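Trainee: This is the structure, below, for whatever I ask next.
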Amino acid sequence: MAISFDLFGTLVSVRRETAPAAAIRRYFLDAGVAVPERFEQEYYEPQVECPPDRSLSTTEHVRAAVAACDVAVSTALCRRAVQDTFTAEPTVLQETTTALQLAADRGPVGLCSNCSVAGLVEEILSEAQLAAAFDAIVTSVGCGWRKPAPEIFETMAARLGVDPASITHVGDNPATDGGIETVGGTFLNCQEQSLLAFTREDR
C-alpha cells in the first residue's frame, strides 16, 4: 500500500497573490523592462493553446503575454518574476506531521500537486521542512499532466515503484484529486474526514 497527498489545502496553506498580473508587471518595471499596462489584460487571456488535462508553465504563459504586448523578455527574467510573485510562506496544517509519519509506516509516500510554477512545490516543502517525508514528488508542471488526468497518478506510481491501484490519495478536491480512482486507487477527501482517515483502511 502506498499513500500520496495533495499539497495546497491538504498539507499546507499559503497566502496567494491576489493580483499576480500587476505584481509580475511591477517586477518587470523594477528590472528596467517597460512592460505596458496592457500586459495585465493579456495575462488573464489564454496565450498558448493547451488541453485542459495538460500543464502549461506559468513562465511560458507570462512570456507569451509579454510578447503579445510587443515586448521582448528573456525566459530567465520571466521565471524570476513568476517565482517572486508566487513564492509564499507556508502554514503547515493540523495533522500534517502526524499523517506523514503514519503514512511512512505503511509504505512509500508520494506527493502529487497541480502547480504550474516550476520549483514552487519543492520550495514550499523545503520551507515547511516537509521534503524529507516523500519518496516521490510529482507536479503538473514537472510531468506535463494535471490532475485528474490518469497520467499524473501513473507517473507518481512509477516513481514510487507501486501499482497505481495500490495508492490511497489524500486531497481536498474531488474534481482533481479524485482522479486517482480512474487508475483503480482510492480517494480520501480531507474536507469531509480527518487527514488521518487512511489509517482506518484495511487494505
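Trainee: Where does the longest stretch of the chain lie that holds no GluC sites (Glu not before Pro) found in a DSSP loop with 13 or fewer other Cβ atoms within 10 Å?
Mentor: That would be 50-191.
Trainee: Right, next: Any idea how far apart T18 and M1 come out in nm if each label point goes 7 Å out from Cα toward Cβ?
Mentor: Roughly 4.3 nm, to one decimal.
Trainee: For the pair E89/A67, report the inter-label distance in nm, with labels modelled 7 Å from Cα in the Cβ direction.
Mentor: About 3.8 nm, to one decimal.
Trainee: Calculate for the chain the 222 nm mean residue ellipticity that helices alone would give, adding -39,500 (n - 2.57) per DSSP H run of length 4 or more and normalising by residue count, nearest 500 deg cm²/dmol.
Mentor: -10500 deg cm²/dmol
Trainee: So, one more: Provide the FRET efficiency to the nearest 0.05 for the D53-A165 pair, computing r from the beta carbons and using R0 = 22 Å.
Mentor: With R0 = 22 Å, the Cβ-Cβ based efficiency is 0.60.
Trainee: Once the piece of chain linking V33 and T182 is laid out straight, how much longer is it, given 0.36 nm per residue of separation minus the C-alpha distance between them?
Mentor: 49.1 nm
Trainee: Something else now. For the range 129-134, just list the computed ³J(HN,Hα) in residue order, Karplus coefficients 6.51, -1.76 and 1.60, θ = phi - 60°, integers in Hz, with x standing in for Gly and Pro.
Mentor: The phi angles translate into 6, 10, 4, 5, 6, 10 Hz.
Trainee: For labels at Q101 and S194 in the simple 7 Å Cα→Cβ model, what's the distance in nm?
Mentor: For Q101 paired with S194, the spin-label model returns 1.4 nm.
Trainee: Just to be sure I understand, if you calculate Cα extents along the principal axes in Å for this structure, which of (1) 59, 31, 27; (2) 55, 33, 29; (3) 43, 37, 29 do you get?
Mentor: (1)
Trainee: Quick one: 3J(HN,Hα) in Hz for the range 190-197, Karplus 6.51/-1.76/1.60 with θ = phi - 60°, rounded, Gly and Pro as x.
Mentor: After applying 6.51 cos²θ - 1.76 cosθ + 1.60, I find 6, 7, 10, 8, 4, 4, 8, 4 Hz.
Each value in this text was obtained by applying a stated rule to the coordinates, not by laboratory testing. Please read all numbers here as calculations on a predicted model, not as lab measurements. Please note: Cβ atoms are built from the backbone with ideal geometry, for glycine as well, and neighbour counts cover all protein chains shown.
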